[in-house]
Amino acid sequence: MDLIGQAIYNYHFNGNDESLVIDSNYTEDEVLDPSHFFRTYDLMSAIEKRALDLCRGKILDVGAGAGCHALDLQNRALRVTALEKSELACQVMTDRGVEHIVTGDMMDHTGIMYDTILLLMNGAGLAGTMQGLERMLAHLKTLLAPGGQILMDSTDIIYLFQEDDGSLWIDLANNNYYGEMTFTIKYRNKTGDPFPWLFVDFESLSQYAGKQGFKTELVMEGEDGDYLARLVHLDNSPI
């Protein structure tokens, strides 16, 4: 069930602001208001603002949602394509005036090259797992024009496992990387199927990106373990 898409659609077309409720294997009852997908530049986080300011050339906005990032870039007269697999969200973007929309999964998007690939709102999470991160980076590499860049944000959630004395507790039942989480979304009276979501620390991102030939730069850090990374492929320099 496309519950996020339904919330975006209902908020935009029907004025319904009922929140999404998100549970995970480590957290529960976190609330996400649909208005979050409609923020303007002045309401965005410092990391989002920095990423948008760094965008250049032909841009692919992956997981575009309601198009808040794509619209900002479009208003700067930049060439941006909004890639979103939710058909409902794409209908909203069309109504909001996003000019170039592709409905589909990132891993199925081929044949076009971009100067900037943008993955925001914990864009690394789209990979799902560390193995998925390696696959995702390998695919995005094929979409980068010479001299192109990937701008991606994530969060190091190690703080969830820290005790008051600074020590870390270990989930013995889980041998996976600690940032591999399983989310479940509730909206109205519906509950979606569980899905994987990844929070990756910068050092691990750098290591996995390095396997695909990327150099990773820490552009900016937030206050809660969040950060913005810039990836440039070492064998993909301008001709």
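Details
- For Lys141, the aspartates and glutamates whose Cα falls under 13 Å of its own Cα, not counting residues fewer than eight places away in the same chain, are Asp115, Asp235.
- Normalising the Debye intensity of the chain to I(0), with uniform scatterers on Cα atoms only, and taking log10 at q = 0.18 Å⁻¹ returns -1.54.
- Sum of side-chain charges, Gly125 neighbourhood, beta-carbon under 11 Å (Lys, Arg +1; Asp, Glu -1): -2
- The residues of the stretch 31-173 expose on average 45 square angstrom of accessible surface per residue, using a 1.4 Å probe on protein heavy atoms.
- The stretch 67-110: projected area of the alpha-carbon convex hull, averaged over directions, in nm²: 2.9
- For the chain, carbon and sulfur atoms together expose 48% of the accessible surface, with a 1.4 angstrom probe and every protein chain in place.
- When the stretch 1-53 is described by a simple charge dipole with +1 on each Lys and Arg Cβ and -1 on each Asp and Glu Cβ, the residue from Ala46, Ile8, His36 located farthest towards its positive end is Ala46.
- If the segment from Arg96 to Leu218 were pulled out straight at 0.36 nm per residue, it would be longer than the present Cα-Cα gap by 40.6 nm.
- Estimated translational diffusion coefficient (Stokes-Einstein, Kirkwood radius over Cα pairs, 37 °C, 0.692 mPa s) of the stretch 75-206: 191 µm² per second.
- Highest mean packing first, where packing is the average number of other Cβ atoms within 10 Å per residue, the peptides 207-217, 60-70 line up as 60-70, 207-217.
- Shown are Glu28, Glu223, whose ranking by accessible area with a 1.4 Å probe and every protein chain present, most to least, is Glu223, Glu28.
- For the stretch 20-96, the orientation-averaged shadow of the C-alpha convex hull comes to 6.1 nm² (one quarter of the hull surface).
- Between Asp226 and Asp156, the built amide H atoms are under 5 Å apart, and every one of these is 5 or more places off in sequence or on another chain.
- The charge dipole of the chain, taken about the Cα centre with unit charges on the Cβ atoms of Lys, Arg (+1) and Asp, Glu (-1), comes to about 1220 debye, rounded to the nearest 20.
- Debye-sum result for the stretch 1-47 in log10 I(q)/I(0), which assumes one identical scatterer on each alpha carbon, at q = 0.13, 0.19, 0.25 Å⁻¹: -0.36, -0.70, -0.95
- With R₀ fixed at 35 Å, the C-beta to C-beta distance from Asn176 to Thr40 puts the FRET efficiency at about 0.40.
- Fully extended contour minus Cα-Cα distance, from Asp53 to Arg79, at 0.36 nm per residue: 8.0 nm
The values are calculated or read from the model by the stated rules, or taken from the named source; none is laboratory data. Computed from a predicted structure; not experimentally measured. Quick reminder, even Gly has a Cβ in these numbers, built from the backbone with ideal geometry, and neighbours come from all protein chains shown. Keep in mind that these areas ignore ligands, DNA and RNA; they rest on the heavy atoms of the full protein, side chains included. Shrake-Rupley method; radii C 1.70, N 1.55, O 1.52, S 1.80 Å.
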